1. Return an integer: the convex hull volume of the alpha-carbon atoms of segment 45-89, in Å³ per residue.
2. About the Cα centre, and with charges only on the beta carbon of Lys, Arg (+1) and Asp, Glu (-1), how big is the dipole of segment 1-118? Nearest 20 debye, please.
3. Based on other C-beta atoms within 10 Å, arrange MET200, MET255 from fewest to most.
4. Rounded to the nearest 500, what is the chain's calculated 222 nm mean residue ellipticity when only DSSP H runs of at least 4 contribute -39500 (n - 2.57) each, over all residues?
5. Against the globular-protein guess of 2.2 N^0.38 Å, express the Cα radius of gyration of segment 317-459 as a ratio, rounded to two decimals.
6. Per residue, how much space in cubic angstrom lies within the convex hull of the C-alpha atoms of segment 146-242?
7. In Å, the Kirkwood hydrodynamic radius of segment 263-302 over pairs of distinct alpha carbons?
8. Length gain on complete extension for the stretch LEU228 to ARG175, per 0.36 nm per residue less the alpha carbon to alpha carbon distance?
Amino acid sequence: MTRSAAIQRAQEYFDDGTLFADVARRVARPTESQNPERAAELRAYLDKEMRPTLEALGFDCQVLEHPRAKGPFLFAQRIEDPALTTVFSYGHGDVVPGMEGRWRDALDPWTLTPRDDRWYGRGVADNKGQHSINLAALKCVLETRGKLGFNVKYLIEMGEEMGSPGLLDVCAAHRDLLRGDVLIASDGPRLLAERPTLFMGSRAIVNVDLEIDAREGGHHSGNWGGLLSNPGIQLANAIATIVGPTGKILVPEWMPPELPGSVRRALADCVLDTADGPAIDPGWGEPGFTAAEKVYGWSSAEVLAFVCGNPDKPVHAIPPRAWARMQLRYVVGVDPEAVVPALRRHLDRLGYTMIELSSPRQEMAPATRLDPDHPWVQWAAASIAETTGKKPAILPNLGGTLPNHVFSDTLGMPTLWVPHSYAGCSQHAPNEHLPVAIAREGMAIMAGLYWDLGEKAPA
């Protein structure tokens, strides 16, 4: 009954094909939350797959629902002793559309297929494979020790790919039932495929539409050019005052006051994985920052779309209207409620009072971050290093967005995410896959973490 025995059991679970069988069953269920015809599959995933798995591990299960939710939630808990540490975990069983007919070698997205040291199938990386690894590792520790030595609460949702409608409401309504001492869960990508990673939050998004509606209809540029304002020219110049020619944000309220020293230290040895993507433009973004600091420590602003005139068939007319959508991805330290008002003041001060602003985002999920120096972070990093012999990458937050604020703010827990995927996994495209090396190492990492939770969790 040792740590190494639990890790060995976890790796045997992978090597003998049991984990593959678990994931294959789950991938076979086409749980497309954006497809109304799959509603029954969402419930079946919980009732016929997750509930039996969790109950076999000694969990008590119940389905939670909310009028605002697009799908059900399964809550499960295994309480060994109320005085012990309680770990909250999360996963989602819904997936994006399967995109049948577009996969390599005519692969079926609903059939888990091993190919070139990868497992291919819809949801294998996002998120069925990741929560399957965690549940399997938990099982291995339980079988090795005979008990966990800590309590576990688990929440599986079926609407994450639709923006997690109802997740905040369910957690707020059942706060005392759900709350634990720490969240340990898996989603998103590692920094590098070969490097174990911890992240503790996520950036968040505010989208802003800018529009100039100058007049009715277009007017001939030969007769009216030089006499009528051109909304396209005005809007382009206005945007140039918001973001500079090399991507630097020029509205102070869109940036945090500083890059904290603990964040800078954590990111000092983090190198971005660009092998499966375009080459980085070194002069783009916040001057003086490393690539990792730009993505994980700072805000970024983008123009997502710009429409003026008829782009498909331009005519010799001054367009009456111009429209653009900008996006701000921001970190802790930026007030999302101040983003649009700050832009309004900025534009008015420069004379762009003709621009109308609106934000299509109805619910603003705030950015979240746990300090890299937090005891739980240091504990988890030490556990992963002991298991793998590798120093894990510590990211204060993802560059992308997930509903971490529900767990950190609403439920009031420190949040640790241990991803079992990588940036090139094609999770929202054909050919979604999970490298077998990451899956096997993930089993060992989680078995080590769960073992350590039963022995030496932070106070």
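Taken together, the values in this text are just the output of simple stated rules run on the coordinates, not laboratory data. In this text the structure is predicted, and so the values were computed from the model without any measurement. Reconstructed Cβ throughout: ideal geometry from the backbone, glycine too, with neighbour counts over all protein chains shown.
1. On the way: hull volume 4.0 nm³, N = 45.
It is 88 Å³ per residue.
2. On the way: 16 positive and 20 negative charges, 51 e Å.
Computed charge dipole of segment 1-118: roughly 240 debye.
3. Working: MET200 26, MET255 21.
Ascending Cβ contact count within 10 Å gives the list MET255, MET200.
4. Values: 14 runs with 139 residues, N = 459.
That calculation yields -9000 deg cm²/dmol at 222 nm.
5. On the way: Rg = 21.4 Å, N = 143, 2.2 N^0.38 = 14.5 Å.
Here the answer is 1.48, to two decimals.
6. Values: hull volume 24.5 nm³, N = 97.
For segment 146-242, the hull spanned by Cα atoms encloses 253 Å³ per residue.
7. Values: mean 1/r = 0.0911 Å⁻¹.
One decimal place: 11.0 Å for the Kirkwood radius.
8. Values: separation 53, 0.36 × 53 = 19.08 nm, distance 5.80 nm.
Taking LEU228 through ARG175 to full extension adds about 13.3 nm, to one decimal.
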